[in-house]
Amino acid sequence: MPHYMVQAAYTADAWGGLVKNPQDRAEALRPSIEGLGGKLVSFYMSFGEYDAVVIAEMPDNVSAAGISIAAAAGGAVKAIKTTPLMTVQESMEAMRKARQSGYRPPS
């Protein structure tokens, strides 16, 4: 199953709620991912541009987009970014396909 990295930045109101009532957002998110046929692989809190990083297996791009849209629509995040991930083997196959493509840069 394809893997995706979802990065989310919480709103000030969401942070306020988490400060008042600390909670495990991984466990809150898990049923939503599983409900779309996916699996929560890992969940990290971070600092910088994004506050949370999720690695999830999802059946397809539509399902991955669905969980991102649901999170964005919930109002607790001010920014969300979903990145499809490839295994090293998949990336090597992509490199072989690139070699076979015949693409030539502008000259």
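Checked against the criterion of being more than 12 Å from the chain's Cα centre (by Cα) and among the aliphatic types (A, V, I, L, M), the candidates Met45, Met58 yield just one match: Met45. Scanning segment 56-73 for residues that are small (Gly, Ala, Ser) and surrounded by 13 or more Cβ atoms within 10 Å (Cβ to Cβ) yields Ala56, Ser63, Ala64, Ala65, Gly66, Ser68, Ala70, Ala71, Ala72. Listed by position, the strands (runs of 3 or more DSSP E) enclosed by segment 35-95 that each have at least 3 residues that are touching a residue at least 40 places away in the same chain (Cβ under 8 Å) are 52-57, 77-85.
Residues are listed down the side, and each one gets a yes or a no for (1) at pLDDT below 95; (2) farther than 16 Å from Val62 by Cα; (3) among the polar types (S, T, N, Q):
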position	(1), (2), (3)
Met1	yes, no, no
Tyr4	no, no, no
Ala9	no, yes, no
Ala12	no, yes, no
Gly35	no, no, no
Gly38	no, no, no
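Looking across segment 45-68, the residues that are out of contact with any strand residue (DSSP E or B) (no Cβ under 6 Å at 6 or more places or on another chain) and either closer than 14 Å to Thr83 by Cβ or among the small types (Gly, Ala, Ser) (or both) come down to Gly48, Glu49, Asn61, Ser63, Ala65, Gly66, Ile67. Residues in segment 1-17 that are exposed (fewer than 14 other Cβ atoms within 10 Å of the Cβ) and under 24 Å from Leu36 (Cα atoms): Met1 only. Looking only at segment 18-42, how many residues end up being surrounded by 13 or more Cβ atoms within 10 Å (Cβ to Cβ) and closer than 15 Å to Ala64 by Cα? Within segment 18-42, residues that are surrounded by 13 or more Cβ atoms within 10 Å (Cβ to Cβ) and closer than 15 Å to Ala64 by Cα number 10.
Selection of segment 96-105 for residues being outside any helix (DSSP H, G or I) and either at pLDDT 95 or above or on the phi > 0 side of the Ramachandran plot (or both) yields only Gly102.
For segment 68-91, state whether one or more residues are more than 30 Å from Gly16 (Cα to Cα) and either in contact with a Lys or Arg (Cβ under 7 Å, 6 or more places away or on another chain) or of a type in the set (Phe, Trp, Tyr) (or both).
No, segment 68-91 contains no residue that is more than 30 Å from Gly16 (Cα to Cα) and either in contact with a Lys or Arg (Cβ under 7 Å, 6 or more places away or on another chain) or of a type in the set (Phe, Trp, Tyr) (or both).
The values are calculated or read from the model by the stated rules, or taken from the named source; none is laboratory data. Quick caveat: nothing in here was measured; it's all calculated off a predicted structure. For neighbour counting, all protein chains shown are included, and Cβ atoms are generated from backbone atoms with ideal geometry for every residue, glycine included.
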